[in-house]
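The values are calculated or read from the model by the stated rules, or taken from the named source; none is laboratory data. The structure displayed is predicted, hence computed values, not measured ones. With ideal geometry, Cβ positions are generated from the backbone for all residues, glycine too; neighbour counts draw on all protein chains shown.
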Amino acid sequence: MLSYLEKEFTAHKYDLKHLLRLILNSQTYQLSSVAKSASPEARAHFASYPLRRLEAEVLIDALNQITGTTESYSSAVPEPFTYVPEEYRSIALRDASITSSFLEMFGRPSRSTGLESERSLKPTADQMLHLLNSSHIQKKISTSPELRALFKSAGYASEAAREEVVKRLYLRILSRFPSEQERETVAGYLSAESARNGMVDLVWALINTEEFLYRH
């Protein structure tokens with residue numbers, strides 16, 4: 001497999017887009033995460049997509065993109081800079097000494113060994129509590145300029161307008177439209193008098209779903 005990918009990569013003049021397109025369109029990559037067999041052999045041979053939580057850097061970058069906010073990072077070694085520019089994504093941090101309580105909590109490794117096993121993707125109580133009720137996540141949602149504009153358009157608006165905002169939130173967070181049952185559940189929860197608070201709760205609920213937190 002590696003030899004085949006190597007030949008494809010060189011034959012197309014080291015075109016990364018071609019290589020990624022080749023992998024992403026493969027049957028193996030597109031397998032469902034719902035396993036058809038519980039046998040160890042099936043898991044060992046990738047008979048289904050391995051379900052795993054988003055890495056710490058990917059998760060915080062996703063939360064920042066959804067809310068339009070940023071993280072503040074600084075380095076003890078001022079090369080190339082002491083304070084990392086706000087537009088830097090966490091996934092692009094080269095120095096392992098540049099970290100944060102969020103990255104540490106969600107298993108970002110110190111890169112002391114270079115082994116894949118150094119990274120931990122196991123869920124913990126601290127992680128769940130942080131996503132559910134931390135001021136860090138609350139501030140991102142409440143101060144988000146993009147979300148505030150959506151919340152404002154939903155407040156005291158018609159039911160159709162609120163449904164449109166719900167659709168846009170699902171697309172923004174889960175990259176899909178809400179199902180009929182989800183639309184009914186959300187509609188029953190929202191009202192014109194409390195639409196904004198209801199939208200905040202909806203965002204919080206969606207980012208705490210397994211659909212958002214896991215690769216599947």
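Are any residues in region 160-192 closer than 24 Å to Asn133 by Cα and of a type in the set (D, E, K, R), and if so, which ones? The answer is Arg168, Arg172, Glu182.
Evaluate region 56-72: report whether one residue or more is exposed (fewer than 11 other Cβ atoms within 10 Å of the Cβ) and part of a helix (DSSP H, G or I). Even if it seems obvious, please write down each step before you answer.
Residues of region 56-72 exposed (fewer than 11 other Cβ atoms within 10 Å of the Cβ): 72.
Narrowing further to those that are part of a helix (DSSP H, G or I): none.
No, region 56-72 contains no residue that is exposed (fewer than 11 other Cβ atoms within 10 Å of the Cβ) and part of a helix (DSSP H, G or I).
Would you check if Leu24 is out of contact with any Cys (no Cβ under 6 Å at 6 or more places or on another chain) and either on the phi > 0 side of the Ramachandran plot or surrounded by 11 or more Cβ atoms within 10 Å (Cβ to Cβ) (or both)? When the stated conditions are applied, Leu24 does not pass them. Given the criterion more than 21 Å from Lys122 (Cβ to Cβ), in contact with a Ser or Thr (Cβ under 8 Å, 6 or more places away or on another chain) and either among the charged types (D, E, K, R) or modelled with pLDDT of 80 or more (or both), identify the matching residue among Ala92, Ala47. The unique qualifying residue is Ala47.
Tallying residues that are closer than 22 Å to Asn64 by Cα and either free of Cβ contacts under 8 Å to residues at least 60 places away in the same chain or not in a loop (DSSP other than H, G, I, E, B) (or both) within region 109-121 yields 2.
In the condition set (1) loosely packed, with under 11 Cβ neighbours inside 10 Å; (2) under 18 Å from the mean Cα position of the chain (by Cα); (3) under 18 Å from Leu54 (Cα atoms), Ala125 is compliant with all but (2).
This table checks each residue for (1) hydrophobic (A, V, I, L, M, F, W, C); (2) in contact (Cβ under 8 Å) with a residue 40 or more places away in the chain; (3) in a strand (DSSP E or B); (4) in the same structural domain as Leu121 (by TED's automatic domain parsing).
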site	(1), (2), (3), (4)
His18	no, no, no, no
Leu22	yes, no, no, no
Leu31	yes, no, no, no
Ala35	yes, no, no, no
Pro78	no, no, no, yes
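Selection within region 162-184: residues that are closer than 13 Å to Ala205 by Cα and of a type in the set (A, V, I, L, M). The member of this set that is modelled with the lowest pLDDT is Val166.
Given the structure, is Phe106 in contact (Cβ under 8 Å) with a residue 40 or more places away in the chain, surrounded by 12 or more Cβ atoms within 10 Å (Cβ to Cβ), aromatic (Phe, Trp, Tyr) and assigned by TED's automatic domain parsing to the domain that holds Ile66? Let's see the steps before the verdict.
Details: in contact (Cβ under 8 Å) with a residue 40 or more places away in the chain: yes; surrounded by 12 or more Cβ atoms within 10 Å (Cβ to Cβ): yes; aromatic (Phe, Trp, Tyr): yes; assigned by TED's automatic domain parsing to the domain that holds Ile66: yes.
The answer is yes for Phe106.
If Tyr170 passes every condition in (1) touching a Pro at 6+ places or on another chain (Cβ under 6 Å); (2) on the phi > 0 side of the Ramachandran plot but one, which one does it miss? Only one criterion in (1) touching a Pro at 6+ places or on another chain (Cβ under 6 Å); (2) on the phi > 0 side of the Ramachandran plot is unmet by Tyr170, namely (2).
Looking for something of a type outside the set (Gly, Ala, Ser), farther than 19 Å from Leu59 by Cα and modelled with pLDDT of 80 or more - is there at least one such residue anywhere in region 120-137? No, there is no match, as no residue in region 120-137 is of a type outside the set (Gly, Ala, Ser), farther than 19 Å from Leu59 by Cα and modelled with pLDDT of 80 or more. Quick check: is even one residue across region 138-157 among the small types (Gly, Ala, Ser), closer than 24 Å to Ser33 by Cβ and at pLDDT below 95? Within region 138-157 (the criterion being among the small types (Gly, Ala, Ser), closer than 24 Å to Ser33 by Cβ and at pLDDT below 95), the answer is no, since none of the residues qualifies.
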